[in-house]
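Comments concern the structure below.
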Number of protein chains: 2
Amino acid sequence: MNFDDKIPIYYQIENYIYHEIITGALKPGEKLPSVRQLAVDVTANVNTVQRALSEMITAEIIESKRGRGNFVTMETAKIDQLKVKLVTAQLERVYDQLHALNLSDDEIVTSLQQYIQQRGQAK
Amino acid sequence: MNFDDKIPIYYQIENYIYHEIITGALKPGEKLPSVRQLAVDVTANVNTVQRALSEMITAEIIESKRGRGNFVTMETAKIDQLKVKLVTAQLERVYDQLHALNLSDDEIVTSLQQYIQQRGQAK
DNA sequence: CCTAGTGTTATATTTTACTATTACACTATA
DNA sequence: TATAGTGTAATAGTAAAATATAACACTAGG
């Protein structure tokens, strides 16, 4: 896993696992890979991975069973809320950043459309 | 200045000053506040501010004159390039994040439009 | 020439993040 | 009962970021 050196590694691991859960790569009730396995997979220390998981446990997105594993919550409402929260956070962030560069609302939408179009053609 | 504790402070200061330059709050050729003044303004250490400025000097967005001050570059092409770079980076980031959540291109644009609409109504 | 203000750098300390290593507690299975 | 695998936590060391403090070099103006 490639880490952005501007953001704490545990935070990026957390975000990555949230993505796995939201997209259904990890389903409600499904067991996560063990802490040790995840550490190997993402190339980080066990304690760093455990740091990420702890926050996810606190957020009630995963449940921990000592000796058994960590499991994705069965409460799909929580996963839906998590998705909304992450999507909104991203939109808010990009909007604030571009708005702060004096782009109008229309310009923000248009530049995203143009960016997507360019991406499509780059493939 | 409110700092995001997930991102290095010098990096946020750099980004903040780039915004001032791109929006014209700081104009080409204009002198920046002194390092000591900036440190007070943003509530950070002089060395941290100097760290931010050093990167901007290396990027040739500002010019340093020891004993006189730091000045915004007169080359507006560089400022234009910086704007494009920052805008593109933001769009890339939000696109990657939302794409990784399995939103389609249309959904990404639509959710941004809806977000902006909601923002307008919340005021 | 002196002073105030400027940028730049160095040193030391603190804080936070990360790693390496080890060990403990729990669980399931043979 | 023993073993392998699980989660959790502790300790120690390293690195990066941030701060505090001090000092040096340059500039402009009185």
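The values are calculated or read from the model by the stated rules, or taken from the named source; none is laboratory data. All values reported here derive from a predicted model rather than from experimental measurement. As a convention, Cβ positions derive from the backbone with ideal geometry for all residues, glycine included, and neighbour counts pool all protein chains shown.
Would you confirm, using the coordinates I've provided, whether A:S104 is within 30 Å of B:E20 (Cβ to Cβ) and of a type in the set (S, T, Y)? Even if it seems obvious, please write down each step before you answer.
Values: within 30 Å of B:E20 (Cβ to Cβ): yes; of a type in the set (S, T, Y): yes.
It is true that A:S104 is within 30 Å of B:E20 (Cβ to Cβ) and of a type in the set (S, T, Y).
You will find that of A:S34, A:S54, the residue that is under 16 Å from the mean Cα position of the chain (by Cα), more than 10 Å from DNA strand C (Cβ to nearest atom) and either surrounded by fewer than 12 Cβ atoms within 10 Å (Cβ to Cβ) or not assigned by TED's automatic domain parsing to the domain that holds A:L82 (or both) is A:S54 and no other. Across segment A:65-75, what is the total count of residues that are surrounded by 12 or more Cβ atoms within 10 Å (Cβ to Cβ) and more than 19 Å from A:Y11 (Cβ to Cβ)? The number of residues fulfilling the criteria is 6. Using the structure shown, decide if B:A59 is within 14 Å of DNA strand C (Cβ to nearest atom), buried (at least 17 other Cβ atoms within 10 Å of the Cβ) and away from chain A (no Cβ under 13 Å). So B:A59 does not fit the description; no.
Here's the yes/no breakdown for (1) touching a strand residue (DSSP E or B) at 6+ places or on another chain (Cβ under 9 Å); (2) at pLDDT below 95:
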| position | (1), (2) |
| --- | --- |
| B:P33 | yes, no |
| B:A52 | no, no |
| B:R68 | yes, yes |
| B:I79 | yes, no |
| B:T110 | no, no |
| B:R119 | no, yes |
| B:K123 | no, yes |
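Every condition in (1) more than 12 Å from chain A (Cβ to nearest Cβ); (2) in a helix (DSSP H, G or I) is met by B:N70 except one, and the failing one is (2). Exactly one residue among A:Q97, A:Q81 is polar (S, T, N, Q) and surrounded by 15 or more Cβ atoms within 10 Å (Cβ to Cβ), and that residue is A:Q97. Only a single criterion out of (1) more than 28 Å from B:N15 (Cα to Cα); (2) among the acidic types (D, E); (3) modelled with pLDDT under 95 is not satisfied by A:D96, namely (1).
Would you be able to say whether some residue in segment A:90-103 is farther than 25 Å from A:P33 by Cβ and among the basic types (K, R)? Give the derivation first.
At the first step, the residues of segment A:90-103 found to be farther than 25 Å from A:P33 by Cβ are A:90-103.
Next, from what is left, pick out any that are among the basic types (K, R): A:93.
Checked against the condition, which is being farther than 25 Å from A:P33 by Cβ and among the basic types (K, R), segment A:90-103 yields at least one hit.
Listed by first and then second residue, the pairs linking a residue in segment A:98-123 that is at the interface with another protein chain (Cβ under 9 Å from one of its Cβ atoms) to a residue that is in a loop (DSSP other than H, G, I, E, B), with Cβ atoms under 9 Å apart and 6 or more places separating them unless they lie on different chains, are A:A100/B:T23; A:L101/B:T23; A:N102/B:T23; A:N102/B:G24; A:S111/A:L103. Considering each residue of segment B:20-31, count those that are surrounded by 18 or more Cβ atoms within 10 Å (Cβ to Cβ) and away from DNA strand C (no atom under 13 Å from the Cβ), and give that number. Matching residues across segment B:20-31 total 2.
With the condition kept exactly as written, say whether any residue in segment B:41-52 is touching a Ser or Thr at 6+ places or on another chain (Cβ under 8 Å), of a type outside the set (S, T, Y), under 24 Å from A:L103 (Cβ atoms) and in contact (Cβ under 8 Å) with a residue 12 or more places away in the chain. No, because not a single residue in segment B:41-52 is touching a Ser or Thr at 6+ places or on another chain (Cβ under 8 Å), of a type outside the set (S, T, Y), under 24 Å from A:L103 (Cβ atoms) and in contact (Cβ under 8 Å) with a residue 12 or more places away in the chain. Annotation: B:G67 fulfils all but one of (1) at negative phi; (2) within 16 Å of DNA strand C (Cβ to nearest atom); (3) more than 18 Å from the chain's Cα centre (by Cα); the unmet one is (1).
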